[in-house]
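J.: To start, I am sharing the structure in question, which I have written as structure tokens.
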Amino acid sequence: MRTVLVVLFDDVQSLDVTGPLEVFAGAEQHTPGTYRISTASLDGTPVRTSSGLTLVPDHTLATAPAPHTLLVPGGRGTRNPAPEVVDWLREHGPSADRLVSVCTGAILLAEAGFLDGRRATTHWAYCDTLARHHPAIEVDPDPIYVRDGHVATSAGVTSGIDLALALVEEDIGREAALDIARQLVVFLRRPGNQAQFSAQLAAQTAQREPLREVQRWITEHPGDDLSVDHLAARARLSPRHFARAFRAETGMTPGRYVDRVRLEHARRLLEDTSDGVEEISRACGYGTAEAMRRAFVKALATSPAEYRRRFRPAAVPAPARIR
């Protein structure tokens, strides 16, 4: 029996609490005796979430059971946390088998000193703040969750569900996690190193229509020649002017944007089709399977074949053949 203890405080993000709790509760229903779920606030009084929902804790922090998994949610309440909550985390965190944060809950773990020397993530909007205030942390703004030893941090809101599913899979197996994911109507197959945003959302939308049209073209034609010279010609700009304007208006270079679009397209084809790696590499503009493999290893620390094995559903229909 693993005790999951969730720390509550005023202005907590409600989904940071209820999302993971639904996963752990589903696991307990699937395999009774797996988890004991508890919540606690500083003095045991109800807390009001940032959306106005009132949550009634089971315990005070002082009387809470010793946790196997100590989960710290995020929300506006992490911006100016009660010193007593940070002190309690600092004192009791070391005895937990797992320290988990959702969204800006990472700020509380950082304040308590648990993230120094570790790789961590949080909501994309607060990654710079976390890195600036805690330079000893290796803040990675891209993944939806990061695991470093017994410490796990996740990005904004729904990524807490992804992380909780990964923990359940580790504890009681993939089939249980799949069953819970189905019940919650979510995907089990989002890897932790999946980007918080798609390429289109990670980049800003350009202000000028010619550049916006180029962004659309890249997304719709990842297998085409997407060199700066060709893209600049589509925008009717010189290559130098195009590269400078694209970066200024989108926040990333044309090459970086193309890399992200191609990687995202390749991931989707690996997940959703039975097309071969060679075919996918050509469709996504890599040219060869080896070039795509290098791109995957660099961005996701895994090969295309391993990515497909881990994250494609059990049965993906083969492409229909035209007779």
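J.: Which residues, taken from the stretch 143-170, are part of a strand (DSSP E or B) and open to solvent by 40 Å² or more (accessible area, probe 1.4 Å)?
T.: Within the stretch 143-170, Arg147, Asp148 meet the criteria.
J.: Does the stretch 9-26 hold any residues that are open to solvent by 30 Å² or more (accessible area, probe 1.4 Å) and among the polar types (S, T, N, Q), and which are they?
T.: Across the stretch 9-26, the qualifying residues are Gln13, Thr18.
J.: Every residue in the stretch 159-187 that is over 21 Å from Leu15 (Cα atoms) and touching a residue at least 40 places away in the same chain (Cβ under 8 Å), please.
T.: Across the stretch 159-187, the qualifying residues are Asp171, Ile172, Ala176.
J.: To continue, here is another question. Can you name the strands (runs of 3 or more DSSP E) wholly within the stretch 28-137 that have at least 3 residues being touching a Leu at 6+ places or on another chain (Cβ under 6 Å)?
T.: Filter on the stretch 28-137 gives 35-41, 98-101.
J.: Which ones in the stretch 245-254 are farther than 16 Å from Ser227 by Cβ and in a helix (DSSP H, G or I)?
T.: Within the stretch 245-254, Ala245, Ala248, Glu249, Thr250 qualify.
J.: Assuming Ile107 fulfils every condition listed in (1) open to solvent by 60 Å² or more (accessible area, probe 1.4 Å); (2) among the β-branched types (Val, Ile, Thr); (3) in contact (Cβ under 8 Å) with a residue 24 or more places away in the chain apart from one, which condition is it?
T.: Failing condition for Ile107: (1).
J.: Continuing with the same structure: Please indicate, with yes or no, whether at least one residue in the stretch 61-70 is within 23 Å of the chain's Cα centre (by Cα), among the aliphatic types (A, V, I, L, M) and open to solvent by 60 Å² or more (accessible area, probe 1.4 Å).
T.: no
J.: Condition first: surrounded by 15 or more Cβ atoms within 10 Å (Cβ to Cβ) and either in contact with a helix residue (DSSP H, G or I) (Cβ under 6 Å, 6 or more places away or on another chain) or among the basic types (Lys, Arg) (or both). Now tell me which residues in the stretch 76-87 satisfy that.
T.: Thr78, Pro81, Val86
J.: Return a yes/no flag: does the stretch 16-25 have any residue that is at pLDDT 95 or above, of a type outside the set (Lys, Arg) and not in a helix (DSSP H, G or I).
T.: For the stretch 16-25, residues at pLDDT 95 or above, of a type outside the set (Lys, Arg) and not in a helix (DSSP H, G or I): absent.
J.: Could you list all residues from the stretch 134-167 that are acidic (Asp, Glu) and closer than 23 Å to Arg182 by Cβ?
T.: Within the stretch 134-167, Asp162 is the sole residue that qualifies.
Let's see how each residue does on (1) under 19 Å from Thr69 (Cα atoms); (2) open to solvent by 10 Å² or more (accessible area, probe 1.4 Å); (3) aliphatic (A, V, I, L, M):
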| site | (1), (2), (3) |
| --- | --- |
| Leu89 | yes, no, yes |
| Arg98 | yes, yes, no |
| Asp116 | no, yes, no |
| Pro141 | no, yes, no |
| Ile172 | yes, yes, yes |
| Ala181 | no, no, yes |
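J.: Among the numbered conditions (1) free of Cβ contacts under 8 Å to residues at least 24 places away in the same chain; (2) within 24 Å of Phe114 (Cβ to Cβ); (3) open to solvent by 40 Å² or more (accessible area, probe 1.4 Å), tell me where Arg36 comes up short.
T.: It fails just one condition, (1).
J.: Testing Asp275 on (1) within 12 Å of Ala295 (Cβ to Cβ); (2) in contact with a Leu (Cβ under 8 Å, 6 or more places away or on another chain), one condition comes back false. Which one is that?
T.: In the conditions (1) within 12 Å of Ala295 (Cβ to Cβ); (2) in contact with a Leu (Cβ under 8 Å, 6 or more places away or on another chain), Asp275 misses (1) alone.
J.: If a residue must be among the hydroxyl-bearing types (Ser, Thr, Tyr), part of a helix (DSSP H, G or I) and open to solvent by 30 Å² or more (accessible area, probe 1.4 Å), how many such residues does the stretch 261-302 contain?
T.: Number of matching residues: 0.
J.: Pull out all pairs, ordered by first then second residue, where Cβ-Cβ is under 6 Å, the residues are six or more apart or on different chains, the first lies in the stretch 274-286 and is in contact (Cβ under 8 Å) with a residue 24 or more places away in the chain and closer than 16 Å to Leu263 by Cβ, and the second is open to solvent by less than 30 Å² (accessible area, probe 1.4 Å) and in a loop (DSSP other than H, G, I, E, B).
T.: Cys284/Pro222; Gly285/Pro222
The values are calculated or read from the model by the stated rules, or taken from the named source; none is laboratory data. These numbers were taken from a predicted model, which means no experiment stands behind them. Every residue, glycine among them, receives a Cβ derived from its backbone with ideal geometry; neighbour counts consider all protein chains shown. We work out accessible area using only protein heavy atoms, side chains counted, and drop any ligands, DNA or RNA first. Shrake-Rupley method; radii C 1.70, N 1.55, O 1.52, S 1.80 Å.
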